[in-house]
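**Student:** This is the structure, below, for whatever I ask next.
The values are calculated or read from the model by the stated rules, or taken from the named source; none is laboratory data. Being a predicted model, the structure only gives us computed values, none of them experimental. Note that each Cβ is placed from the backbone with ideal geometry, even for glycine, and that neighbours are counted across all protein chains shown. The accessibility values were calculated without ligands, DNA or RNA, using every heavy atom of the protein model including side chains. Shrake-Rupley method; radii C 1.70, N 1.55, O 1.52, S 1.80 Å.
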Amino acid sequence: MNPRVFLDVDPRTLHLPTTRTAGADPAKLQRQIARFGSGTQGMPPLEAYRGTDGKLVIYDGVTRATRVAKFLPGQLVRVELIDDLRTPVGHLPTVGDRLP
């Protein structure tokens, strides 16, 4: 078992998974904003994979990353690196590309 690796990154630079290239679901984003506001206290780490190009793609946490990127520009988020992929992911849009 590999040790857990955590990184602090700007959520705007995280790439979106192929299943969510449009970005965060607007209804889910509104629910999170209503429930948690712009704060990050108590927010679980996002989960991401690293592509062969060194870029990170979100596995879990697109809505959380979008909320922080939108309301706290420049705020870093904690990301747990799950594994390395065998393909590049830099061609995928980023959270910053899809900010509402």
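**Student:** Show the residue pairs that are 6+ apart or on different chains and have beta-carbon atoms under 6 Å apart, the first residue being within the range 14-40 and under 16 Å from THR94 (Cβ atoms), the second being in a loop (DSSP other than H, G, I, E, B).
**Tutor:** Qualifying pairs under 6 Å: LEU14/VAL95; HIS15/LYS55; HIS15/VAL89; HIS15/LEU92; LEU16/LEU92; LEU16/PRO93; THR21/PRO93.
**Student:** Would you mention how many residues in the range 1-32 are among the polar types (S, T, N, Q), open to solvent by 60 Å² or more (accessible area, probe 1.4 Å) and not in a helix (DSSP H, G or I)?
**Tutor:** Summing the residues that are among the polar types (S, T, N, Q), open to solvent by 60 Å² or more (accessible area, probe 1.4 Å) and not in a helix (DSSP H, G or I) in the range 1-32 gives 1.
**Student:** Let me ask you something else. Name every residue in the range 34-72 that is part of a loop (DSSP other than H, G, I, E, B) and touching a helix residue (DSSP H, G or I) at 6+ places or on another chain (Cβ under 7 Å), in order of residue number.
**Tutor:** Answer for the range 34-72, where residues must be part of a loop (DSSP other than H, G, I, E, B) and touching a helix residue (DSSP H, G or I) at 6+ places or on another chain (Cβ under 7 Å): SER38, THR40, MET43.
**Student:** Exactly one of these conditions fails for HIS91: (1) open to solvent by 50 Å² or more (accessible area, probe 1.4 Å); (2) in a helix (DSSP H, G or I); (3) farther than 12 Å from THR13 by Cβ. Give me its number.
**Tutor:** Of everything listed in (1) open to solvent by 50 Å² or more (accessible area, probe 1.4 Å); (2) in a helix (DSSP H, G or I); (3) farther than 12 Å from THR13 by Cβ, HIS91 misses just condition (2).
**Student:** Any residue in the range 51-71 that is at pLDDT below 95, surrounded by fewer than 19 Cβ atoms within 10 Å (Cβ to Cβ) and more than 20 Å from LYS28 (Cβ to Cβ)?
**Tutor:** No, there is no match, as no residue in the range 51-71 is at pLDDT below 95, surrounded by fewer than 19 Cβ atoms within 10 Å (Cβ to Cβ) and more than 20 Å from LYS28 (Cβ to Cβ).
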